[in-house]
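The values are calculated or read from the model by the stated rules, or taken from the named source; none is laboratory data. From a predicted model like this one, the values you see are computed outputs, not experimental measurements. Just the protein is used for accessible areas: all its heavy atoms, side chains included, with ligands, DNA and RNA removed. Shrake-Rupley method; radii C 1.70, N 1.55, O 1.52, S 1.80 Å.
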Amino acid sequence: MKVEVNSGALADAVAWTTRVIDARPSNPILAGIRLEAADGALRLSAFNYEISARDHIEAGVDESGSILVLGKLLADITKSLPSEKTSGKSTFTMQLMPNAEYPDLPSMPGMLGQVDAPTFIQAVSQACVAVSREENRPVLTGVRMQFDGDKVVLTST
């Protein structure tokens, strides 16, 4: 795999994607972040059996491919990259993890609709008032989203 990317965009994508990686994952392979380069994009994904994170950035893809590397290490490296537009080349050697052992991420559902950001933020803020802060009952720490035609109902308890 060989790609050329904007260092700032890469750092942001890696930081966002690695948020789901646990400090001490139950399976060491879940400490990884998968990088897939193809069709002018670099796709990043991470998974911890409860939630998954996916992101993609524009990339000049010289050689397509897929690799799995330690997520937190990649995040540390990308934070240290210069953010200028023409920062030059950077080379790092990282030990690869076995890509074949990484679990398949759940498939994403199709798009159901679109809502403007201020309206969505307001609805989530109103629903989050009742969300439990206790981790021992995870079912009470989320917001249920129910879709009915052109309406979206957010519920929490």
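Observations
- Matching label, percent of Cα pairs over 19 Å apart computed from the structure shown, candidates [x] 60; [y] 53; [z] 64: [z]
- Here the accessible area is traced with a 1.4 Å probe on the protein chains. For the stretch 1-64, carbon and sulfur cover 43 percent of it.
- Quotient of Cα Rg and 2.2 N^0.38 Å for the stretch 1-89, N being how many residues it contains: 1.06
- Per-residue SASA remark: Phe92, around 110 Å² accessible (1.4 Å probe; ligands, DNA and RNA not included).
- Accessible area per residue in Å² at 1.4 Å probe, computed on the chain: 71
- Lysines whose Cα lies under 24 Å from that of Lys79, excluding same-chain neighbours fewer than 8 positions away: Lys2, Lys89
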